[in-house]
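Undergrad: Before anything else, here's the structure in question.
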There are 2 protein chains.
Amino acid sequence: MTKPVTASVLEQFQLVLGPRGVLLNAPDKAPYLKEWRDRWHGETKAVLRPASTEEVSRTLQIANTHEIAIVPQSGNTGLVGGQIARPGHDEIVLSLDRMTKITSVDPTDMSLICEAGATLKSVQDAAAKVDRLFPLSLASEGSCRIGGNLASNAGGVNVLAYGNARDLCLGLEVVLADGRVWNGIKTLRKDNTGYDLRNMFIGSEGTLGIITGAALKLFPQVKRYDTCFATIPSIAAGLSLLAMAQEMSGNRVVAFELLPEIGIQFAAKHMQARRPLPAGEWFVLFEFADASPDAMFGLMEKAFARGFVSDAVVAQSSAQRDQFWHVRETLSESQRFEGGSIKHDVAVPVSKLPQFIADASEAATRFIPGIRICCFGHMGDGNMHFNISQPIGMDKQAYLDQWEAMNEVVHDVVLKHGGSISAEHGIGVLKRDAMRKIKSPVELEMMRGLKRMLDPKGILSPGRVLPD
Amino acid sequence: MTKPVTASVLEQFQLVLGPRGVLLNAPDKAPYLKEWRDRWHGETKAVLRPASTEEVSRTLQIANTHEIAIVPQSGNTGLVGGQIARPGHDEIVLSLDRMTKITSVDPTDMSLICEAGATLKSVQDAAAKVDRLFPLSLASEGSCRIGGNLASNAGGVNVLAYGNARDLCLGLEVVLADGRVWNGIKTLRKDNTGYDLRNMFIGSEGTLGIITGAALKLFPQVKRYDTCFATIPSIAAGLSLLAMAQEMSGNRVVAFELLPEIGIQFAAKHMQARRPLPAGEWFVLFEFADASPDAMFGLMEKAFARGFVSDAVVAQSSAQRDQFWHVRETLSESQRFEGGSIKHDVAVPVSKLPQFIADASEAATRFIPGIRICCFGHMGDGNMHFNISQPIGMDKQAYLDQWEAMNEVVHDVVLKHGGSISAEHGIGVLKRDAMRKIKSPVELEMMRGLKRMLDPKGILSPGRVLPD
């Protein structure tokens, strides 16, 4: 248990961080306490905004000495409540939003070094300026920040080709709970000297240390995309199409997204999305990067002949490409206009997708008849956003009250198929109680051992990730 | 400090592993104690050969109880002495060579599950049988085993496109020092539930746990290679060629290797390698996988025009491709016929290669005039095998006596350029004393903390990786 934040501790923070570095007034603190979906509402005595690694270090020295709970916050776009200071727990928010510098970009090394508070968009732009690609791509890329992307091992639409945030990181700088600084920034592609500490911090959601800087991998800029929107006769056919697409493009499939008819209807109705194809049951939106100019045409010919697609349209311009992606990117938001939506961010082995979607749909419908399942997502990674809109006419709050019970129904199917109940978004406070169920005792013991070793007083993001 | 191996402990091992599982006679033990380059000579009272994870677990329970030092050994191809039981230390060898099963291969999931003792070659073959590629590729692939590949985070020629062993692993099974089994085998592409334990074990060289099984990533089989052997006017020109090749192939460069004139001479003289091009100073051997059929031609035209290559030949058949690769693959071995060779496995940021090679060559030559530097390797990763053959006529042993002093000379240049003194081969016993010099106190403390947490009695591969 951490201790209460006293006036004297706040003074010490002010001494280190100056007036700009410590927000105390409610209006100043508000943006750091509000979660964009209004699912979590935070409470904190202060928001700390260090301007340098040195300031983060001195802040944590104070916090560790006085056993003050610190919640690092990056772009405040997290979906599992990790970044929101919990009411009644006297947690102090530490925001990285003043540490936004892009330190260096090297097109020959294919690397970029930045502070943790740099927005994903600013990193993408800095790479593009030297004709390089930073491939991490998420709906929130304008506001999310690299530190949070790494702390949560962010995924997104290009994981199929480029990997998760973890795979895009060459080195880290981390401030430990007691204020010690680990400088692990390097741009080497190969370095087998000792244990891999980088990956210990990546995905640890701010519970093991605060990421203050990162060296990232860049890639050659893509010169040509081939983008296709297709109707598939079944999920299984979609998997056959995926395999064929990977083979015929020379492994250049960079995205392969599944969309359901109902999602396209929602997007068309509420988000002005233009539907690319007539009504069907399932659709895929997929893309080649720098494949042979005739690869997509060859694929289409063969996929139609084999019955893997029943209708398809290939983007003829970048405007049409944007139109296709608009449908995909507004799916999630469009559900807001259809009443309550209970969400699941899950993954199964790719081959299990057809059975998983069938089983989970059946189980969820049995639990609450009349629900409208909007299952979409990163088919190439086996990662589905299995989101469920309420039955028409049902009371919204009565439906949302079933959130956890519905989660249990769906997660049981996920686990039956050897899947993950958090593919992209992490554990945070939302799913930490489930950890006891999904992790073996030996795995939990190792996790607790890491926490004890790196944060013996438990000041960093308490109540997140690890179950009590 | 671990304790002496008593007759009673050996009996307990025999009880668990049976007669086939415990080798006691010198001729039986010999292959496990000999290192292929004859640099290390081992000594052990017994070689243990468990046939299952359960047997590994029970073996470690005994060893941990009695504080017996255990040295896991995979294919015995390591280059830093990690797998060889040290004379005078009473270390017991635990070989994984009876655990060779390929458990499953799934072309849709693009995954393969196997026991840790499966040879790399057998994994490559099992993948190829379902038209998939397991891209890890090393000179020792016929004898090295997956457990060792992962424990040492093996590299090889395809890292540029597919990553290290670390990047090719989806899940692990590990037996901890006290015999507990962590089953982290899964074939999910995305799973953000809790800390990343997998990468903690990968690259830890058997000091934190014994890897007994793995789930691996597969890729689409490559249908077409374009392979080029080219003379480059300078290392800097080679880097320009690399960037141009990546852009013009649509990021399909899967290997980009540097070779020096002297290496080609050695390979031609001692290994019947046919030289692909007339004498020059530096050469590169590089390859596209499934690029557009005209990509290589387009590159050549532009690269000649810009002066990035001065001569080149593109393989016209797979036989010619093999011929090119034969030159590269025999470079290391051919040096054996030229007397003593002092080796360095180092990496620098790719952009630093020209300056690093110049500086290191100068420093080494100043240290021992007349040396013949054979610097070759994975240019695309900044990873050089900076190997130095002795001056003609010098006494071999007198030269080899300078091994460590020469290492220091070269490593100082590496560190000056922000590089790694072990890019691929790891630390083992060979480089562990250097760890104090290359790692910060905070990094060493974290490494020691991990060791204490997972192996409090220090029975796993003592004397490796961590400095005293």
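The values are calculated or read from the model by the stated rules, or taken from the named source; none is laboratory data. What you see is a predicted model; the values in this text were computed from it and never measured. Note that we place each Cβ from the backbone using ideal geometry, even for glycine, and neighbour counts take in every protein chain shown. Remember, those area values only see protein heavy atoms, side chains included, never the ligands or the DNA or RNA. Shrake-Rupley method; radii C 1.70, N 1.55, O 1.52, S 1.80 Å.
Undergrad: Would you mind pulling out the separation of the Cα centroids of region A:19-84 and region A:156-217, in Å?
TA: Each part's Cα centre sits 21 Å from the other's.
Undergrad: Please name the residues of region A:92-115 whose accessible area, counted over protein heavy atoms with a 1.4 angstrom probe, falls by no less than 50 Å² between the chain alone and the full protein assembly.
TA: Listed in order, they are A:THR108, A:ASP109.
Undergrad: Next question, about the same structure. Please list, short to long, the whole-number percent of alpha-carbon pairs of region B:356-401 in consecutive 10 angstrom bins beginning at zero.
TA: 25, 50, 22, 3
Undergrad: Assume the label is 7 Å from Cα along Cα to beta carbon: what separations in nm does A:PRO27 have to the matching positions in the other copies?
TA: Label point to label point, same position, other copies: 9.1 nm.
Undergrad: In Å, what Rg and Dmax follow from the Cα atoms of region B:1-100?
TA: 12.5, 35
Undergrad: Continuing with the same structure: Where the label is 7 Å out from Cα toward Cβ, how close does A:MET394 come to the same position in every other copy, in nm, shortest first?
TA: 7.9
Undergrad: Shifting gears a bit: Which value, in square angstrom to the nearest 100, describes the accessible area buried between chains A and B on both sides, using a 1.4 angstrom probe?
TA: Accessible area lost upon association: around 6400 Å².
Undergrad: Quick one: in chain A, whose Cβ comes closest to the A/B rotation axis, and how close in angstrom?
TA: Axis relating chain A to chain B; nearest Cβ residue and distance: A:ASN199, 2.
Undergrad: To check my understanding: the extent here is largest minus smallest coordinate of the Cα atoms along each principal axis. What are those three numbers for chain B, in Å, largest first?
TA: Over chain B, Cα extents along the principal axes are 72, 56, 44 Å.
Undergrad: Quote the FRET efficiency, to the nearest 0.05, computed for A:GLU11 versus A:THR100 with a Förster distance R0 of 30 Å and r equal to the Cβ-Cβ distance. Write out the running numbers ahead of the final one.
TA: Working: r = 27 Å, r/R0 = 0.90.
That pair, A:GLU11 with A:THR100, gives E of 0.65.
Undergrad: So what are the radius of gyration and Dmax for the Cα set of region B:313-468, in Å?
TA: Rg then Dmax for region B:313-468, in Å: 18.3, 58.
Undergrad: Tell me the distances, shortest first, between A:PHE304 and the same position across the other copies, using label points 7 Å along Cα→Cβ, in nm to one decimal.
TA: Output for A:PHE304: 4.1 nm, nearest copy listed first.
Undergrad: Taking a temperature of 37 °C and a viscosity of 0.692 mPa s, what whole-number D in µm²/s does Stokes-Einstein yield for region B:303-402 with Rh from Kirkwood over alpha carbon pairs? Show your work: numbers first, answer last.
TA: Working: Rh = 15.5 Å.
Rounded to a whole number, D works out at 211 µm²/s.
Undergrad: Evaluate the Debye formula for region B:10-162 with equal point scatterers sitting on the alpha carbons, no solvent, and hand back log10 of I(q)/I(0) at q = 0.08, 0.14, 0.20, 0.21 Å⁻¹, in q order, two decimals.
TA: Relative scattering, expressed as log10 I(q)/I(0), comes to -0.25, -0.72, -1.23, -1.30.
Undergrad: Oh, and also: Classify region A:289-347 as rounded, prolate or oblate, taking a ≥ b ≥ c as the square roots of the eigenvalues of its Cα gyration tensor: rounded when a/c is under 1.5, otherwise prolate if a/b is larger than b/c and oblate if not. Please list the in-between numbers first.
TA: On the way: a/c = 2.67, a/b = 1.87, b/c = 1.43.
Cα axes put region A:289-347 in the prolate bin.
Undergrad: Another question, if that's okay. Among the residues of region B:169-196, which ones have their accessible area go down by 50 Å² or more when all the protein chains sit together, as opposed to their chain alone (1.4 Å probe)?
TA: So the qualifying set is B:ARG180, B:TRP182, B:LEU188, B:ARG189, B:LYS190, B:ASN192, B:THR193, B:GLY194, B:TYR195, B:ASP196.
Undergrad: Can you compute the modelled spin-label distance between A:ASP468 and A:LYS129, with each label point 7 Å from Cα toward Cβ, in nm?
TA: Using points 7 Å along Cα→Cβ, the separation is 4.9 nm.
Undergrad: With a 1.4 Å probe on protein heavy atoms only, tell me which residues of region A:246-293 lose at least 30 Å² of accessible surface in the complex relative to the chain by itself.
TA: Residues shielded by partner chains are A:GLN246, A:GLU247, A:GLY250, A:ASN251, A:ARG252, A:ASP290, A:SER292.
Undergrad: Which value at 222 nm does the protein assembly as shown reach when only helices count, each DSSP H run of 4 or more adding -39,500 (n - 2.57), with the total divided by all residues and rounded to the nearest 500 deg cm²/dmol?
TA: Values: 32 runs with 325 residues, N = 936.
Result for the protein assembly as shown, helices only: -10000 deg cm²/dmol.
Undergrad: Mind computing the radius of gyration and Dmax over the alpha-carbon atoms of region B:393-468? Å is fine for both.
TA: Over region B:393-468's Cα set, Rg and Dmax evaluate to 15.2, 52 Å.
Undergrad: Using the 2.2 N^0.38 Å rule of thumb for compact globular proteins, work out how region B:1-51 stacks up: its C-alpha Rg over that value, please. Please list the in-between numbers first.
TA: On the way: Rg = 12.2 Å, N = 51, 2.2 N^0.38 = 9.8 Å.
Taking the Cα Rg and dividing by 2.2 N^0.38 Å, one obtains 1.24.
Undergrad: Based on the alpha carbons, how large is the Rg to Rh ratio for the protein assembly as shown when Rh follows Kirkwood?
TA: On the way: Rg = 28.1 Å, Rh = 29.1 Å.
Using Cα coordinates only, the ratio equals 0.96.
Undergrad: If I histogram all Cα-Cα distances within region A:102-201 using bins 5 Å wide from 0, what percent of pairs lands in each bin?
TA: Reading upward from the zero bin: 2, 12, 23, 26, 21, 10, 4, 1, 0.
Undergrad: Shifting gears a bit: Determine one quarter of the surface area of the Cα convex hull of region B:21-80, which equals its mean projected area, and express it in nm² to one decimal.
TA: On the way: hull surface 18.1 nm².
That works out to 4.5 nm².
Undergrad: Could I ask something else about it? Could you tell me the distance between the Cα centroids of region B:305-346 and region B:102-134, to the nearest Å?
TA: One Cα centre to the other: 29 Å.
Undergrad: Count, for each residue of B:440-447, the Cβ atoms from other chains sitting within 10 Å of its Cβ, then give me the mean as a whole number.
TA: Numbers: counts 5, 1, 8, 7, 1, 4, 13, 3.
Mean partner shielding for this stretch: 5.
Undergrad: For region A:420-458 and region B:248-272, what is the separation of their Cα centres, given in Å?
TA: 47 Å
Undergrad: Straight-line reach from B:LYS129: which aspartates and glutamates have a Cα under 20 Å away, not including same-chain ones fewer than 8 places off?
TA: A:GLU247, B:ASP106, B:ASP109, B:GLU115, B:GLU141, B:ASP290
Undergrad: Go ahead and run the numbers for FRET between B:ALA363 and B:ALA30, Cβ-Cβ distance against an R0 of 30 Å, rounding to 0.05. Write out the running numbers ahead of the final one.
TA: Values: r = 40 Å, r/R0 = 1.33.
Efficiency at R0 = 30 Å is approximately 0.15.
Undergrad: Now for a separate question. Expressed as a whole percentage, what fraction of the accessible surface of chain B belongs to carbon and sulfur atoms when a 1.4 Å probe is rolled over the protein heavy atoms? Let's see the in-between values first.
TA: On the way: 8700 of 16790 Å².
The computed percentage sits at 52.
Undergrad: Still on this structure: GluC sites (Glu not before Pro), restricted to region A:244-293: which are DSSP loop and have at most 16 other Cβ atoms within 10 Å? Show your work: numbers first, answer last.
TA: Working: sites: A:GLU247, A:GLU257, A:GLU261, A:GLU281, A:GLU287; in loops: A:GLU281.
Loop-located and lightly packed - A:GLU281.
Undergrad: Using a ≥ b ≥ c from the Cα gyration tensor of region B:175-299 (square roots of the eigenvalues), is it rounded, prolate or oblate, where a/c under 1.5 gives rounded and otherwise the larger of a/b and b/c decides, a/b for prolate? Numbers along the way, then the final one.
TA: Values: a/c = 2.93, a/b = 1.86, b/c = 1.58.
It comes out prolate by the Cα gyration axes.
Undergrad: Which residues' amide hydrogens lie under 5 Å from the amide hydrogen of A:SER111, considering only partners 5 or more residues apart or on another chain, with H built in the peptide plane?
TA: Those qualifying (amide H under 5 Å, at least 5 residues apart or on another chain) are A:ASP106, A:LEU218.
Undergrad: Give the shape of region A:233-272 as rounded, prolate or oblate, defined through the alpha-carbon gyration tensor: a ≥ b ≥ c are the square roots of its eigenvalues, a/c under 1.5 means rounded, and otherwise the shape is prolate if a/b is larger than b/c and oblate if not.
TA: oblate
Undergrad: Beyond a 28 Å Cα-Cα separation, which of these cross-linked pairs lie in this structure: A:LYS186/B:LYS269; B:LYS45/B:LYS439; B:LYS269/B:LYS437; A:LYS431/B:LYS186; A:LYS343/A:LYS437? The partial results should precede the final answer.
TA: On the way: A:LYS186/B:LYS269 40 Å; B:LYS45/B:LYS439 35 Å; B:LYS269/B:LYS437 40 Å; A:LYS431/B:LYS186 20 Å; A:LYS343/A:LYS437 19 Å.
In this structure, A:LYS186/B:LYS269; B:LYS45/B:LYS439; B:LYS269/B:LYS437 exceed 28 Å between Cα atoms.
Undergrad: So, one more: For chain A, report the accessible area per residue in Å² (1.4 Å probe, heavy atoms, rounded to an integer). Kindly include the intermediate steps, with their values, before the conclusion.
TA: Values: 16800 Å² over 468 residues.
Accessible area per residue: 36 Å².
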